[in-house]
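Structure, as structure tokens:
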Amino acid sequence: MSVFVEVDHVDRIFSLPNGESYVALKNIELKIKQGEFISLIGHSGCGKSTLLNTIAGLDRPTKGGVILEGRQVTQPGPDRMVVFQNYSLLPWLTVRQNIALAVNRVMRRQPKGDRRSIVEHHIDLVGLRHAADKRPCELSGGMKQRVAIARALAIRPKLLLLDEPFGALDALTRGGLQEQLMQICEESHVTCVMVTHDVDEALLLSDRIVMLTNGPESHIGQILEVPIPRPRHRMEVVNHPIYYNLRNQMIYFLNQQKRDKKRKAKQTAAAGNTNTKGAIVSQTREKLNLNIGFLPLTDCAPLVVAQEKGLFQKYGLEEVNLYREQSWDAIAEGIATGRLDAAPMVTGMPLAMTLGMGGNTPIPVITGAVLSRNGNAITLSNRLFEQGVRTLKDFKAAIAKNKDRVYTLGIVHESSMHNLMLRYWLASGGIDPDRDVNLVVVPPEQMVKHLKAGNIDGYCVGEPWNCRAIYEGLGFAIATDLDIWPGNPEKVLGVREDWADRFPETHIALLKAILEACAYCDDRRNREEILQWLCQPNYVGVAAEYIRPGFLGHYNSGTGAPTQLLPRFNLFHYDNANCPGRAEGLWILTQLARWNITPFPKNWIEVLERVRRVDLFGEAARQLGWPDIEPDRKPFQLFDGVVFDPDDPLGYLKRLTICREFNIQEVVIDRTATEAA
Ligand SMILES: Nc1ncnc2c1ncn2[C@@H]1O[C@H](COP(=O)(O)OP(=O)(O)OP(=O)(O)O)[C@@H](O)[C@H]1O
């Protein structure tokens, strides 16, 4: 079925009387097929009606648009009829006259006789023949709603929009009308979007259920497919094997949102007062001197640029000290203990710390920006090259041939993309990363030394540590991460959640400084200048020859193949690189669970909302005058073509062939431990 209605990245921002604004909807993206029945569900005030009204053309989006059959919706039209909870019938007209009024207005060019039979047909359709001459005051609530539905359908809309149509009715009447609506929709093949609070109603009627998160910045949390065959009958639906699973998922989603609402209210009360405009004001003084940790890697460039170009001071951060750390564990420790205020982190680290990786106390850590994408490679030793290893398949053959030898490969941290991508790559080639090879954690800076000493046979790391091994003739890059997942998120800016709440303005200032630096890094005219800074001993501290190939995008794999032009190898800003999108975060959660690094959080929507702070990115972007574009939440795939659907992460995990037995559990994100630190 082709796309019938497209809600294309819709934002709706309301201006408030106090001069501020309220972002009700953020980046709503939804494609509806012809004849589909979609339900919108979410807590009160999350924006269901706003979205419905936008599709109806009764309200205009602030950003994005709605496209119906290829045409932009700019105003209401007879092709979209809305049925409201309060019926909105004209009280002085009878049932017949109410329906006829709409038909005569919309179909005035049709012969009178035809119009009359349309009216009569729709009276019968909703079973109101006996009440055709009654006025609304003589009808029950259910009857009035049937008139409203008949009136909407009589003008043959392409799209029927229902805003809690049965909300005001008693349970018995509601049940009857739901079945009637279902039958009418099936017979007339009309496309429907319905707002509801009722999970059973949504399951009975819908093909898909769109679950919206709480506002502000409400967005689609998850879309559930309801694969129950049609025609449906209530008892068959309720007894369908999938019914309670779907119902539980919906209730679980709504409970997560409820908990989130309560937590935010509690935090707001604890954090401060409101000013005359109603905005929250922090009671704590903002922090203007910061300690930021980093590891010597090419992709620490944004931090270096922010320091060298005075961007921290530009945004009011008086003193920023950069500390070159020894390992990713040291970075995690620095953030956990408060020794560091912030740090570029490997992408999975904020999620893993929040989930309590390795049996550690969970520490809520958040990220408001992706600092870099790509930039990694898998280097193998020359010994393997000499054995003829050029591809993943060759590597598998070498493992099979040398049964008495276990190859050891270096990774920089269990939560890093290096680990997750290396594991993914190996597993897709039939190599079990836990059983067929030995993975060891080695700080990036020490990879080359251990490769040279023969302690490891290869590694996955960021630059300049692949190029250095290649340059020194110690190894070759069998794959870069562009071969595995182009655009993968590599580093993020990590801070403790309680730190961000205590110093909200400092945090936004820090984000702005670093984001501006990211943009500076992606202006290629600046790369030579940045390269010189990176070479300094207080930053990466190596010869320019090691950094240049990756950073300037002239990548030589060391295999004898010609130098590749890879302008996107170290990506800092272009292609909407900086937004910490939730779908990629969810993919990381699946991989952390796949390899038993962390459990898979049953409350993954809550975890992603807490950790991947798209809202803070948006705020910093807006203050910088950038468009705060969010990535799509559509399915994507890595190099092996296995599709990851953000609406079905567990289905994806179950389809992966090499996978540890993983735990699914609700992870309670409790800040007590960190706040005490
Ligand atoms: N004209 C407006 N001006 C300012 N804020 C608005 C306006 N219309 C809606 N809002 C706000 O936008 C948010 C979404 O409202 P909306 O009515 O779409 O929610 P809803 O999910 O349909 O709620 P309910 O289930 O209670 O009907 C709410 O916080 C609401 O206060």
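The values are calculated or read from the model by the stated rules, or taken from the named source; none is laboratory data. Computed from a predicted model, the values in this text were never measured in an experiment. Cβ atoms come from the backbone with ideal geometry, glycine included; neighbour counts cover every protein chain shown.
Every listed requirement among (1) within 30 Å of D615 (Cβ to Cβ); (2) away from the ligand (no atom under 16 Å from the Cβ) is met by Q97 save one, (1). Restricting the search to region 455-477, which residues are over 21 Å from P433 (Cβ atoms) and either of a type outside the set (K, R) or free of Cβ contacts under 8 Å to residues at least 12 places away in the same chain (or both)? Across region 455-477, the qualifying residues are E463, P464, C467, I470, Y471, E472, G473, L474. Among residues of region 120-141 that are touching a residue at least 12 places away in the same chain (Cβ under 8 Å), those with a beta-carbon under 6 Å from a residue that is in a helix (DSSP H, G or I) and surrounded by fewer than 16 Cβ atoms within 10 Å (Cβ to Cβ) at least six positions away or on a different chain give the pairs I123/R129. For region 191-204, the set of residues classified as within 16 Å of the ligand (Cβ to nearest atom) and of a type in the set (V, I, T) consists of V193, V195, T196, V199, listed by residue number.
Out of the residues in region 205-219 meeting the condition of being within 13 Å of the ligand (Cβ to nearest atom) and of a type outside the set (S, T, Y), tell me which one is nearest to the chain's Cα centre (by Cα). Among those that are within 13 Å of the ligand (Cβ to nearest atom) and of a type outside the set (S, T, Y), it is H219. Among the residues making up region 19-58, those that are part of a strand (DSSP E or B) and either acidic (D, E) or within 12 Å of the ligand (Cβ to nearest atom) (or both) are S21, Y22, V23, A24, L25, K26, I28, E29, L40, I41. The residues on offer are L128, L159, and the sole one that is within 45 Å of the chain's Cα centre (by Cα) and not β-branched (V, I, T) is L159.
Matching residues to (1) within 30 Å of P631 (Cβ to Cβ); (2) modelled with pLDDT under 95:
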| residue | (1), (2) |
| --- | --- |
| L203 | yes, no |
| S206 | yes, no |
| E225 | yes, no |
| M235 | no, yes |
| Q257 | yes, yes |
| D260 | yes, yes |
| A265 | yes, yes |
| A270 | no, yes |
| T274 | no, yes |
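Within region 430-448, the residues that satisfy the criterion of being in contact with a helix residue (DSSP H, G or I) (Cβ under 8 Å, 6 or more places away or on another chain) and in a helix (DSSP H, G or I) are P444, E445, M447, V448. Condition first: within 22 Å of L153 (Cα to Cα), basic (K, R) and surrounded by fewer than 20 Cβ atoms within 10 Å (Cβ to Cβ). Now tell me which residues in region 37-89 satisfy that. Answer for region 37-89, where residues must be within 22 Å of L153 (Cα to Cα), basic (K, R) and surrounded by fewer than 20 Cβ atoms within 10 Å (Cβ to Cβ): just R71.
One line per residue, one yes/no per condition, for (1) within 24 Å of P296 (Cα to Cα); (2) hydrophobic (A, V, I, L, M, F, W, C):
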residue: L409; (1), (2): yes, yes
residue: H413; (1), (2): yes, no
residue: M417; (1), (2): yes, yes
residue: L422; (1), (2): yes, yes
residue: A427; (1), (2): no, yes
residue: R435; (1), (2): no, no
residue: L439; (1), (2): yes, yes
residue: V442; (1), (2): yes, yes
residue: Q446; (1), (2): yes, no
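Take the residues of region 135-168 that are within 17 Å of I184 (Cα to Cα) and basic (K, R): which is farthest from the ligand (Cβ to nearest atom)? Step by step, filter region 135-168, then rank; the result is R156.
Taking the numbered list (1) surrounded by fewer than 16 Cβ atoms within 10 Å (Cβ to Cβ); (2) within 16 Å of the ligand (Cβ to nearest atom); (3) not aromatic (F, W, Y) in turn, P227 passes all entries but (2). So R108 clears everything in (1) under 18 Å from R80 (Cα atoms); (2) of a type in the set (K, R); (3) at pLDDT 90 or above except one condition, right? Which one? If we test R108 against (1) under 18 Å from R80 (Cα atoms); (2) of a type in the set (K, R); (3) at pLDDT 90 or above, just (3) comes out false. Each residue in region 170-185 was checked for being in contact with a Gly (Cβ under 9 Å, 6 or more places away or on another chain) and either of a type in the set (K, R) or assigned to a helix (DSSP H, G or I) (or both), and 7 pass. Within region 1-18, take every residue that is more than 16 Å from the ligand (Cβ to nearest atom) and not charged (D, E, K, R) and give me the one that is farthest from E225 (Cα to Cα). That would be H9.
Return yes or no: is G625 modelled with pLDDT under 95 and over 18 Å from the mean Cα position of the chain (by Cα)? In short, no.
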